[in-house]
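Since every read-out is calculated from the coordinates, none of them should be taken as a lab result. The shown structure was predicted, so the numbers you read here are calculated from the model rather than taken from an experiment. With ideal geometry, Cβ positions are generated from the backbone for all residues, glycine too; neighbour counts draw on all protein chains shown.
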Amino acid sequence: MCYLNTSGSGKIMTLFLFTAAILSSTISGMIGMGGGVTLLAAMTLVLPFNLIIPIHGIVQLGSNFFRTIILRKSVHKAYFRYFALGTPFGAWLAYRVLSRMTQPDWALALIGLVLLYVVFKPKYLPEIRLSEKGYLFLGMVAGALGCLIGATGPLLAPFYVRTDLSKEEMVSTKSACQITIHLMKLPVFSALAFNYSEHALTIGIMLIAVVIGTKIGTELLRKLSTTVFLNFIRIVMFLISIRLFYKVALVYY
C-alpha cells in the first residue's frame with residue numbers, strides 16, 4: 001500500500017512533500033542545481049531512508065525531463081550524448097555495491113564528500129572545461145553516485161558552469177544529462193526489489209508539484225541576468241554545504 005495515508009499526519013506529510021517539491025524544482029528551474037539536494041534533505045525529515053533515494057530519483061526524473069523539454073533548443077547535444085553513454089556503466093557499478101550492502105546509512109558519508117568539495121574548493125580555480133569525450137567519464141561517475149547518494153547536482157555543477165555556455169545552455173544541458181542518471185535508478189532499484197507501485201500516490205503528487213515548480217523556475221531563468229544567475233548558484237551552493245555538513249555531523253556525533 002502507498003506510504004502516504006488519509007490520516008491527519010498523512011495529509012500534513014503530503015502537503016509537506018508537495019510544497020518541498022514545488023520549491024525545490026523552482027530552484028532547479030532557475031539555476032539548474034540545488035533543487036535535488038534541497039528535496040532530498042526535505043524528504044529525510046518525513047520518509048524512511050530506504051524510500052528516499054528511489055522515490056527522489058523518479059520525481060527528479062520528471063523534474064529534469066520537463067525542464068529539458070522547455071529548454072530543449074539550448075541543450076548541448078554532444079555533451080549530452082557522451083554523458084548518456086557513460087551513465088549505464090556507473091549505474092551497473094552502483095547496483096553491484098548496493099546489492100551487497102547490509103546497512104545503507106553509510107551513504108550519508110558520501111553526501112559529506114560533496115560537502116567537502118563545495119565548501120573547500122578554492123574560489124578562483126580555473127574553469128573545468130571537459131572535452132566532449134570527457135563527459136563520457138563524468139557520466140560513469142555520476143551514474144554510480146546518483147544511485148548511491150541520490151543527488152549529484154552540486155558535484156556536477158562545476159562541469160557545466162563555464163563561460164562558453166549561456167545560462168540556458170548550462171541549465172538545459174545539465175538537466176538533460178541528469179535525466180539519464182535518474183532513469184538508470186529505475187532498473188537498479190527495481191532489481192533490488194523496490195516496489196514503485198506501492199508508493200504511486202506519493203510519487204504522483206510530487207510529480208505534479210515539480211511540473212508546477214519547473215514551469216515557474218524556467219520562466220524566472222529567462223528574466224535573470226547572467227551575473228544574478230551566477231550569484232544565485234554561489235548562494236545555493238553555500239546553503240547546500242551547511243545542510244550537508246549538519247546531516248553528516250548527526251551521523252558521526
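General observations
- Label-to-label distance for S197 and R81 is 3.8 nm, based on points extended 7 Å past Cα in the beta-carbon direction.
- Computed from backbone phi with θ = phi - 60° and the Karplus coefficients 6.51, -1.76 and 1.60, the 3J(HN,Hα) list for the range 166-177 is 6, 4, 5, 5, 4, 5, 5, 5, 5, 5, 4, 5 Hz; x is used for glycine and proline.
- Radius 15 Å from Cβ of A191, net charge of other residues (Lys, Arg +1; Asp, Glu -1): +3
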